[in-house]
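Asker: Supplied in structure tokens, the structure appears directly below.
The values are calculated or read from the model by the stated rules, or taken from the named source; none is laboratory data. This structure is a prediction, so every number in the text was calculated from the model and none was measured. Here the Cβ positions follow ideal geometry from the backbone for every residue, glycine too, while neighbour counts run over all protein chains shown.
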Amino acid sequence: MNFKKLKIEGSLVFNDPVSKQMIRDCAKHKRVELDLKDVVCMDSIGVDLIVKLANELRKKNGNLRIVNIRPELKSVFDMVGIDYIAEVM
């Protein structure tokens with residue numbers, strides 16, 4: 001089965017409604033791949049959106065794949081244990 005691919009650019013923060021809506025729209029799919037290569041800033045709201053998306057997909061026996069994570073964001077994901085609910089590449 002194919003992944004719905006979504007590339008996020010810039011920031012994934014509280015006051016960025018476009019990225020937040022794109023992630024919410026992905027919950028309609030079963031398998032989603034988030035490309036975070038061009039994300040330069042993410043706050044707790046951004047992390048929370050990704051966790052919620054992963055949980056929604058898991059409820060449908062789907063999965064979330066996160067690719068191209070910048071080292072500074074990878075350390076945040078490591079702290080919250082996102083690799084337990086999503087495939088981190």
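Asker: If I ask for residues that are of a type outside the set (A, V, I, L, M) and under 17 Å from SER19 (Cα atoms), which ones from the stretch 35-55 would you list? Break it down stepwise before answering.
Answerer: Of the residues in the stretch 35-55, the ones of a type outside the set (A, V, I, L, M) are 35, 37-38, 41, 43-44, 46, 48, 52, 55.
ASP35, LYS37, ASP38, CYS41, ASP43, SER44, GLY46, ASP48, LYS52 - these are the residues of the stretch 35-55 that are of a type outside the set (A, V, I, L, M) and under 17 Å from SER19 (Cα atoms).
Asker: Between a first residue in the stretch 68-89 that is within 19 Å of LYS7 (Cα to Cα) and a second residue that is part of a loop (DSSP other than H, G, I, E, B), which pairs have beta carbons less than 7 Å apart while being 6 or more apart in sequence or on different chains?
Answerer: Within 7 Å, the pairs are PHE77/ILE69; VAL88/ILE69.
Yes/no per residue for (1) small (Gly, Ala, Ser); (2) surrounded by fewer than 18 Cβ atoms within 10 Å (Cβ to Cβ); (3) at pLDDT 90 or above:
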{"site": "ILE8", "(1), (2), (3)": "no, no, no"}
{"site": "ASP25", "(1), (2), (3)": "no, yes, no"}
{"site": "GLU33", "(1), (2), (3)": "no, no, yes"}
{"site": "ARG58", "(1), (2), (3)": "no, yes, yes"}
{"site": "ASN61", "(1), (2), (3)": "no, yes, yes"}
{"site": "LEU73", "(1), (2), (3)": "no, no, no"}
{"site": "VAL76", "(1), (2), (3)": "no, yes, no"}
{"site": "ILE82", "(1), (2), (3)": "no, no, yes"}
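Asker: Which of the residues spanning the stretch 7-51 are under 9 Å from the mean Cα position of the chain (by Cα) and more than 19 Å from SER75 (Cβ to Cβ)?
Answerer: Residues satisfying the conditions are ILE23, VAL32, GLU33.
Asker: In the stretch 32-70, how many residues are closer than 21 Å to PHE14 by Cα and assigned to a helix (DSSP H, G or I)?
Answerer: 13
Asker: Scanning for something touching a residue at least 12 places away in the same chain (Cβ under 8 Å) and assigned to a helix (DSSP H, G or I), does the stretch 2-19 turn up at least one residue?
Answerer: Looking for residues that are touching a residue at least 12 places away in the same chain (Cβ under 8 Å) and assigned to a helix (DSSP H, G or I), one finds at least one in the stretch 2-19, hence yes.
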